[in-house]
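Worksheet: the structure to be examined is printed underneath.
The values are calculated or read from the model by the stated rules, or taken from the named source; none is laboratory data. This one's a predicted model, so the numbers in the text were calculated from it and none came from an experiment. Quick reminder, even Gly has a Cβ in these numbers, built from the backbone with ideal geometry, and neighbours come from all protein chains shown. Side chains included, ligands, DNA and RNA excluded: accessible areas come from the protein's heavy atoms. Shrake-Rupley method; radii C 1.70, N 1.55, O 1.52, S 1.80 Å.
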Amino acid sequence: MSDNAQSPPPGSDDVFVLGTNDLGGGRPRPVNDALLERFVRTPAFIVASYAVYLILLIFFWNPIEAALGFVPGGFLFGTIGILPLAGLTFVNSRTRNARTGIPFYRDLLTIQETIQLVFVAVIIGTMATLILNLNDNLAESGLTINFNVLARDFGTEVSEGPDPRADWTFLQSIPVVGETLYNVPIFTPDTYFRALAAGFANTLRVVWLSLIFSTILGVALGIGLLSNNWLVRNVSFGWVEIFRNTPLLVQLFFIYNGVIRLLPARPGDALSFPGSIFLSSRGFYYPAVLQTPTSNYFYFPLIAGAIIGIFLWRWRLQVNERTGVPAHAFRYFAASTVGLGLIGFIVAFAVGGTPVLFEPPAASGFRFEGGASLSGEYLGLFLGLVFYTSAFIADIVRAGIQSVPKGQVEASRALGLKNFQTLNFIILPQALRLAVPPLINQYLNLAKNSSLGIAIGFADLYTVANIANNQSGQTVVMFVLLMVTYLGLSLFISVIMNAFNSTLRLKSR
Amino acid sequence: MTDQPVNSGIEYVAPKEPPQSRKPPANTVGVVGWLRENLFDGVGNSIATILTAIFLIWFAGSVMDWSIRTAEWTVVNNNLRLLMVGPYDQDELWRVTIMAVAMIVLSGMSLGFWSEIARPVFVTIVVVMVLLVIVPVVSDRFPPPSIRTIVSSDGDVPAMRFVGNPGERVTVAVEQINAENADPDGNAFNGFIETTPGASNSRSIWNDIKQGIRTDSIDLDTYTLTFTVSLVDASGEVLETVTSTPDEPGVTFETPLPETGWYGVLAEVDESSDAGFAWIRLDGVETYTTRTADVEARTERYGEQPALTCADGSDACNTEVAQRALRYEGQRSGFDYLTVQLSPFFRDIAIPLIVGTVIAFAGGVLGWFLKRLPREPKRITNLTLLVAWLLFMPFAFVLLRGFEGSEAVSYVPTTDWGGLALTLILTAIPIVASFPIGILLALGRANKDLVMVSTISTLFIEVARGVPLITILFFAKLILPFFISASSNIELAPRMMVGLTLFTAAYVAEIIRGGLQIIPKGQTEAAQALGLPAFYITWLITMPQAIRAVIPALMSQFVSLFKDTTLVSIVGLFELLGIVELIVNGQQQYRPFQREAYLFVGVVYFVISLAMASISRRLENTGVGAARR
Amino acid sequence: MAEILQDEAVKKNDHSLGDHVIECVNVNKWYGDFHVLKDVNLKVREREVVVVIGPSGSGKSTLIRCVNRLEEHQEGDIIVDGITLTNDVSNIAEIRREVGMVFQQFNLFPHLTVMENITLAQRYVRRRPRAESEENALKLLERVGIPEQARKYPGQLSGGQQQRVAIARALAMNPKIMLFDEPTSALDPEMIKEVLDVMKELAQSGMTMMVVTHEMGFAKEVADRVIFMDSGRVVEIGTPDHFFENPSHERTQLFLSQIL
C-alpha cells in the first residue's frame, strides 16, 4: 500500500500521510530525566527529611533559643515548620523553570506550591500559638497537663458497669444476651483509667444493643412506610416524623424523667409481666440464665451445629448451582443447629441435670434478689437511642426500596419469580446498595449520641470523663481521651460496615 | 383458516355506534373501594388494619385522657415568659420584641419573595388564629371550677379574696368531710384547692387527712365544728352570712354581687369546736393571675386589694384566688380542661401570636409584590434581603446584649439569656457563620492539587464529624478560654456558638463537597475555555450550582443543628430545654409535672423543625433551588 | 501539489489563508500509562477550516483539548498564536482568551440565562461594561438565529438552540480561533443542520476553525483540509476532495469504506 501512497511534497506543512501502517507502538510515559528532582519529590524523601529536620531541631533547640535571645512565638514556629517544604518548593521551581524558562512567579505549579506553603505556615503558626498559650495559661492556673492522672486514685463511685477489677465473668456467658457484659450495680474503681474503662464498656453496652434493636425497628417501620395499608402506612409515618423532628435530648428527658422515674420504686409495686419480668423506676428485671455443670454439653453442640449449618448452607448453594435442585439452605442450617442442640440437651440431661437454669428475680424488701437487670438509666438511654435512630433508619429503608424502579419488580414477576424470590434476588440487592452508606452514618450517629447518657445520669464514657475532669482539672487529658476513643469507635463501626458494603457491592455488581 | 369463509376476509367490524362506557364495579370505587384497597385488601392486611386500629385507639385514647383529665399544663402556662426569653431582664424585654418583630417581617418577606405560602399552611394558620380567639371566649361561658378551702378546729381559716362584677352570682357552700367523701383512693371531688405557697394550706391539711385515713390515725366520726361563713365586700361590710353547726353542717347561700370591686369570704370558728374538718366551697368565682401587668390592670379596675382580717385579728390568713395559690385536684372534665388549662394558655399567647402572624403576613404580601417587580429591581431586592438577613444576626446579638455603661440599652450578659430566644440565636448564628467556613473547607478538601491543604481540611472535617457534638462543646466550654488567657471571662454562650459553628461547618463542608462532585466536569472546562480565572469559576459557576443542588441536605443539617442546640443545656446554658429543666427541678411545685413540660418543649421543637423542613421542600420545588435545566 | 491544494481551499472558502496560528510539534500525551497522542505534528493556518475525523478513542478530542490547555501534554510543543503552551499562567490565560471552544455536551451554565451565559466572560475576562456586553450578545444571538431566547434558561431550549448559544458564547470573546469538539454528536438529527449552518456561516466569515466531527458532509463542503487520526497518530492530512475521493493510507481507506 505504501508504494501507492502519494507522499506529500517535502517541506509541505499542509498535507501528510503516515509512512507506516503500524498504528500501535505506544511508548511508556517518559520519566523525568532530572534524577534529583524525581528523588526530591518522592513522599518518602519528604517525610524522611522532615523527620531528620525535627530531630535536629529538638536536639539543637536550646542553643537555637539561646541564639535567638527570646522565646519564639507561634508564627516563628510556623515559619520554622515549613522550612523544608519551602526548600523543596524552591528546588522544584528552579529545576523546572530552568528547563522551561518560565519566570517562577508565572509558573502554575510554583504558584500553587507557594499558596500551600503559606497555608501550612499559617496553620502551624496558629496551632503553635494556641498550644503555647494553652500550656502557659494552664500552668498559670496550676493545671499543667499531666497524663499520669490516669494512674491516680479515682475516689468516686461509678453507678454501674463491668468492674474491671472483678473477674471477667461475662466471657463465660457470651451466649446469653443479658449477661454479655457483666454488670455490677455500684462499685468504686481504683484508678482513673479503670473508671474510664468501665465508662467505655458502658458505652459499648448500650451502643451494641441499641444498634440491633434500632435496625430491627427501623426496618419494620420502613416497610410500614411502604405498606399498601393506609392505616399502617400513616401510623409509621407519624412515628417517623415525631421522632425525627424532636431533639433526642428531649426524648431522653421525657422517657427517663417523665416515664421511668415515675414508675413505682419499690419492688413490691413494680409492674410485672409474665415470665418473671419486672419494671420499676430502678430498672428492668428479668430472669438470668445461669451456668450449670452440664452447660457445656448443650452449648458446644449448639455452636458446632451452627458452624456445620453454615457449611451445609454453602454446600447447598453449590448443589443448587450445579444441578438446579432447590437449595433449601435455611432448612439444612436450621436442622443442623436445632438437631445438634437437641442432642446436646438430651446428653446434658443424661449426664446430670438441666444445662440451662433460669433464675427469676424476686422482690425482697427494697431490691430484687437474683435475676438479671438493666438499670433505669440504661433503659432510658437505650429506648431513646432506639426510637430516635429507628426513625432515621426507617426513612433510609423506605428510600432504598423506593429507589428500585417498579419495572424491576414487574420484570421479575414476568419471569415468574415468587414474592420472596423477587425480594431476595431483585429488590434487596439493589435497595441495600443505596441504603447501606447512609445506614453507616446513622450507626455512627447512634454511637456518638450515646454520649447524651450524661443528661440522665448513665455512667458512660463521657459521664465518667466529666466526673474525672471535675475531680482532677485535667481537661486537656480528658478531652484528648474522649476524642481518641470516640474517633476510634467511629472508625471501628465504619470499617466493619464498609467491609459489609464492599462485599455487598461485589455480590450485586 | 380453512373453516373461515374465504370470500369475506373480514373477521370483525366494530358497530357504528360505540358502546356506552360502563361504570367500574361498585366495590372498586368510592368509599367502599377506597376502604377495600387501602385497609382490607386481603386477610393479612385486614388483620394489620384491625390491630393497628386497636393500638391507635388505645394509645390516642389514653394520651387524650391523660392530657385532658390528669395533666397539669399550668407548668407551661405559668412559665411562658421563662420558656420564651429565660431570665432576661423584664424591663428590657422590648429588645426581644424588636428582634422578634424584625425576624418575623424578614421571614415573611423572604417567604413571599423566594417562595409562596402553600394553601394548607395558610388554612392551618387561619384555623389556629380562630381557635385562639374562640376558645377563651367560649370557655368564659362555662362556670369556673369550684374553689375550696378547709376549715379545721385548730387552723387559721383563710379569707378568700376575689374580684367580681355586678350581677355575677356567687355560691358559698359548706361540706363536712367525713369518712365517705374523704376516701383517699377515690376521687372525692373536682376543682381547685387553696394551696398558698409556704403557709400551712388547705392542700397540705387535706393530704394529712388522706394519710391519716390510710393509717387509721384520724377519726372523722367526731365532728364538732361550729362556724360562720360570710361574704364581705372590700370595706368589710357583711353581705350575707350563714352558720354551720354539727347538727346541720351542709349550709349554703347564693347571692348576686352588687358592684364592681373586691370581695372576700371569711369564716369564724366557734370556740366550742374541737374536732373535724369541713370544706368551704366557692362557685362562680373567677381565678386570676399575679403577673405584674395583670395586677396593675386589676388594681385599675377593681381598686387596691383589701386587707381582710382573720377571725383572730391577724392578717396572715389572707388568701387570694390567684392561680399560683390554687391547685386542681381530682379528675378534670372536658369543660374544666377548657376553662382551667386551655383558655388561660390561649389567652396568653393569642395576642402575640396574632400580632406576629399579621406582621408576617404583611411581610409576605410585601415580598409577593417585590417578586413581581421587573428584573433589575428584583435583583437588588434579592441582594438586599440576603444582606438584611446577614446583618440581622449581629444586630440582634448586639441589641440583646447591649453596651456596658449605656443607659438606653444597658448591658445584659449572655448568662441572663435563655428560653426559645437563646435557642434561636444559638441556631441562627452558627448557621450563618458555619456557611463560609464550610465552603472553604469543602474547597480545600476538594482541591487535590494542593495536597497539604486538602489533607488538613480532611483531617479537620473527619475529626469534627467523628466525635460527638457534646465533646466539642466540652472543648468549647473548658479548653477554648485557655487558648486566650488563664482568667478568660468570655461568656458561655459565645463559646457554645463557636463550638456549634465548628461542628456544623464540618458537616456543611461535606454536603457542599457532595454538591461540587455532582457538577459535571464540562462546566469547569467550559468556564476555563472562556478564560475565566479560577476564582471566578468557583464563585460564578461551580459554587452556585453546587449549593443549589444541596439545599435540601443543607436545610436538614440546619434542622439537625436546631435540635442539637439542646445539648448546650448539658454544659449549663438555659436555652429552651435548659430552662425547662430549671423550672421542673428548681421550683418545688412543678416537680411532678415533668411530663407536661417536656412534652410541651417537644411540641415546640417538633413544630419548628417541621416548619424548617417544609420551607426546605418549598425552596426545592419552587424557589431558588428549582431546577432550571 | 501543495499549491493546487491551496488553490482549491481558497476557492472553497473565498478567502486567502494566512500564517500558521496553531502548530503542534511532536506532541505526546499519556493518561497514566496509556499513550493517547503519539508524535502529533500539525499546522493550521489563519482563516483555515480544519476538520479532524477518526474512529472513537483515536485522540481527536484530546488533541483539540490540548490546544487550549484543557489537557496538559507531556512532550513536544504546542504553539498557538505564537505563544508556547506551558505551565506559565499568563500564557494560558492569554491563549484561552484567544481560543473559543464549543463542546459536545454544550456545557452551558444551567443556573444563568442565555444572556448571562454570553455576557459572563465578556464582563469578567474582557472587562466590558454590562450594556456593551449585552448589546454584543444580542448581535451574536441574531447571528446564530435565536435572538428571542435571550431571557430563557438553557434548560428551556432545544439541543440545537443550546449548541447555537454555546457558539455565540464562545464568539462573544472575539476569539481568533474556534475549536469544536464534536458539536453535533449529542443532537437529534433534525437539529444538526441548524448548528452546521451556523458553523458554515462562521467558516465563510474567515474564522480559523478546528473541528472534530463525524459529519462527513460538513467536512466535504466546508473544510480546507481534513485530518484523519487513529490510535493517537495523525494518519493522513489532505484536502477533502483528495481525502474522500482518493485516500492514500490503508487505514483511511478502511475507515472511509466503513462509514460511507
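Against the list (1) more than 13 Å from the chain's Cα centre (by Cα); (2) within 12 Å of another protein chain (Cβ to nearest Cβ), the condition A:LEU504 fails is (2). From the list C:ASN107, C:ASN91, the one residue that fits, being surrounded by fewer than 19 Cβ atoms within 10 Å (Cβ to Cβ), of a type outside the set (D, E, K, R) and either at the interface with chain B (Cβ under 7 Å from one of its Cβ atoms) or free of Cβ contacts under 8 Å to residues at least 24 places away in the same chain (or both), is C:ASN91.
For segment B:516-538, a residue qualifies if it is facing chain C (nearest Cβ under 7 Å), in a helix (DSSP H, G or I) and not hydroxyl-bearing (Ser, Thr, Tyr), and the qualifying residues are B:GLY522, B:GLN523, B:GLU525, B:ALA526, B:GLN528, B:ALA529.
Scanning segment A:68-94 for residues that are over 24 Å from A:PHE39 (Cα atoms) and open to solvent by 90 Å² or more (accessible area, probe 1.4 Å) yields a total of 3.
The condition of being buried (at least 20 other Cβ atoms within 10 Å of the Cβ), β-branched (Val, Ile, Thr), facing another protein chain (nearest Cβ under 10 Å) and within 20 Å of C:PHE106 (Cβ to Cβ) holds for only one of B:ILE570, B:ILE541, that being B:ILE541. Restricting to segment B:270-298, name every residue that is open to solvent by less than 30 Å² (accessible area, probe 1.4 Å), closer than 24 Å to B:GLN176 by Cα and touching a helix residue (DSSP H, G or I) at 6+ places or on another chain (Cβ under 9 Å). If the condition is that a residue be open to solvent by less than 30 Å² (accessible area, probe 1.4 Å), closer than 24 Å to B:GLN176 by Cα and touching a helix residue (DSSP H, G or I) at 6+ places or on another chain (Cβ under 9 Å), then B:TRP279 is the only one that fits.
Every residue, every condition in (1) under 30 Å from B:SER614 (Cα atoms); (2) without any contact (Cβ under 8 Å) to a residue 12 or more places away in the chain; (3) crowded, with 16+ Cβ neighbours inside 10 Å, yes or no:
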site	(1), (2), (3)
A:VAL250	yes, yes, yes
A:TYR256	no, no, yes
A:ARG266	no, no, no
A:LEU271	no, yes, no
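For segment A:392-409, the condition holds for at least one residue, the condition being that it is closer than 18 Å to A:LEU221 by Cα and among the hydroxyl-bearing types (Ser, Thr, Tyr). If the condition is being buried (at least 17 other Cβ atoms within 10 Å of the Cβ) and within 10 Å of chain B (Cβ to nearest Cβ), then segment A:114-123 contributes A:GLN116, A:LEU117, A:PHE119, A:VAL120, A:ILE123. Put simply, of A:ARG282, A:ARG244, A:ARG233 the only residue that is open to solvent by 30 Å² or more (accessible area, probe 1.4 Å), more than 14 Å from chain B (Cβ to nearest Cβ) and of a type in the set (D, E, K, R) is A:ARG282. The condition of being in contact (Cβ under 8 Å) with a residue 60 or more places away in the chain and touching a helix residue (DSSP H, G or I) at 6+ places or on another chain (Cβ under 6 Å) holds for only one of B:VAL559, B:VAL568, that being B:VAL568.
For A:LEU217, the stated conditions do not hold, so it cannot be described as in a helix (DSSP H, G or I), touching a helix residue (DSSP H, G or I) at 6+ places or on another chain (Cβ under 7 Å) and within 8 Å of chain B (Cβ to nearest Cβ). Output yes when any residue across segment B:333-352 is assigned to a loop (DSSP other than H, G, I, E, B) and either open to solvent by 40 Å² or more (accessible area, probe 1.4 Å) or closer than 27 Å to B:LEU131 by Cβ (or both), and no when none is. Yes, there is a match, as at least one residue in segment B:333-352 is assigned to a loop (DSSP other than H, G, I, E, B) and either open to solvent by 40 Å² or more (accessible area, probe 1.4 Å) or closer than 27 Å to B:LEU131 by Cβ (or both).
Do we have B:ALA529 as among the hydrophobic types (A, V, I, L, M, F, W, C), surrounded by 20 or more Cβ atoms within 10 Å (Cβ to Cβ) and in contact with a strand residue (DSSP E or B) (Cβ under 7 Å, 6 or more places away or on another chain) here? When the stated conditions are applied, B:ALA529 passes them.
When residues of segment A:127-153 are filtered for being facing chain B (nearest Cβ under 10 Å) and not hydrophobic (A, V, I, L, M, F, W, C), how many remain? Total meeting the criteria: 8. Counting only helices (runs of 4 or more DSSP H) wholly contained in segment B:1-95, the ones carrying 2 or more residues that are open to solvent by 50 Å² or more (accessible area, probe 1.4 Å) occupy B:30-38, B:43-65, B:80-85.
Within segment B:495-502, is even one residue open to solvent by 20 Å² or more (accessible area, probe 1.4 Å) and facing another protein chain (nearest Cβ under 10 Å)? Looking through segment B:495-502, none of the residues is open to solvent by 20 Å² or more (accessible area, probe 1.4 Å) and facing another protein chain (nearest Cβ under 10 Å). What are the residues in segment B:456-480 that are open to solvent by 30 Å² or more (accessible area, probe 1.4 Å), within 7 Å of another protein chain (Cβ to nearest Cβ) and within 19 Å of B:LEU441 (Cβ to Cβ), if any? Correct list: B:ILE456, B:VAL463, B:PHE475. Taking C:SER257, is it open to solvent by 10 Å² or more (accessible area, probe 1.4 Å), of a type in the set (Ser, Thr, Tyr) and either closer than 21 Å to C:LEU37 by Cβ or not in a helix (DSSP H, G or I) (or both)? No.
Restricted to segment A:451-509, and to residues there that are touching a residue at least 60 places away in the same chain (Cβ under 8 Å) and of a type in the set (Lys, Arg), the residue that is least open to solvent (accessible area, probe 1.4 Å) is A:ARG505. Summed over segment B:573-617, residues that are away from every other protein chain (no Cβ under 12 Å), of a type in the set (Gly, Ala, Ser) and surrounded by fewer than 19 Cβ atoms within 10 Å (Cβ to Cβ) total 1.
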